[in-house]
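Coordinate-derived values only; no laboratory data. Treat the numbers as computed from the prediction; the structure is a model and nothing was measured. Counting neighbours? That spans all protein chains shown, and the Cβs are built from the backbone with ideal geometry, glycine included.
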Amino acid sequence: GENVEQHPSTLSVQEGDSAVIKCTYSDSASNYFPWYKQELGKGPQLIIDIRSNVGEKKDQRIAVTLNKTAKHFSLHITETQPEDSAVYFCAAKTGDMRFGAGTRLTVKP
Amino acid sequence: EAQVTQNPRYLITVTGKKLTVTCSQNMNHEYMSWYRQDPGLGLRQIYYSMNVEVTDKGDVPEGYKVSRKEKRNFPLILESPSPNQTSLYFCASRRGNSPLHFGNGTRLTVT
């Protein structure tokens with residue numbers, strides 16, 4: 001089955017810097033790659049997603065890139081703000097969704 | 001407001017005492033699923049349901065049961081909870097290939 005690895009497990013950046021979280025997946029048939037943000041006491045919420053026929057997608061300060069050949073995808077957050085502090089999960093979907101272990105991002109003011 | 005509602009949010013129980021965590025969605029989604037979240041392991045799927053009266057095992061189904069008698073409800077049942085089921089549980093739903101919508105979680109402690 002699909003296996004998703006996510007790095008780093010923790011990330012601390014200064015406000016205004018960029019943050020990058022990387023994921024690799026094992027099943028070349030995976031065709032949908034969402035990213036979720038989980039704030040304290042809440043469930044994960046979708047922030048951006050990308051399908052396998054697209055290499056990059058951007059939404060304001062957030063972007064996701066996908067390299068199907070290397071089977072990895074990344075989340076890029078530019079101009080980070082303290083409210084970006086949360087746990088971020090990547091996921092890959094063939095039949096069902098498989099999640100990475102999560103990255104705890106801390107943005108220091 | 002479109003949402004997935006889980007109850008209770010927090011639960012402390014003892015080994016062997018049957019419990020049920022309820023999940024309800026008001027979006028008419030066919031697909032519903034339960035996950036557990038543990039440090040360093042991310043979200044692991046327990047059970048899922050493609051539609052009413054259809055349920056399937058996920059990656060970690062041992063010790064859990066589910067039922068899907070109505071489209072909106074998908075309760076998670078622990079017949080005889082054990083301490084290794086102490087975790088943060090999330091219910092989620094979606095329509096077709098749309099993204100998952102998650103509830104706010106249930107933190108379960110089994111002593």
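Among the residues of A:52-63, the average count of other protein chain beta-carbon atoms within 10 Å of the residue beta-carbon is 0.
Per residue, what volume in Å³ does the Cα convex hull of chain B take up?
94
Can you pick out the pairs among A:22/A:93; A:68/A:93; B:17/B:57; A:71/B:57; A:93/B:69; A:22/A:58 whose Cα atoms lie more than 25 Å from each other? The answer is A:71/B:57; A:93/B:69. A Cα-only calculation for the range A:1-41 places Rg and Dmax at 13.3, 39 Å. Each part reduced to its alpha carbon centroid, the range B:46-71 and the range A:4-60 end up 27 Å apart.
For chain A, averaging the sequence separation of C-alpha pairs within contact (under 8 Å, six or more residues apart) and dividing by the residue count gives a relative contact order of 37 percent. Based on the convex hull around the alpha carbon atoms, the protein assembly as shown presents an average projected area of 12.1 nm². Shielding by partners for peptide B:35-45, expressed as the average number of C-beta atoms from other protein chains within 10 Å of each residue's C-beta, is 5. Peptide B:89-100 is shielded by partner chain Cβ atoms: per residue, an average of 3 of them sit within 10 Å of its Cβ.
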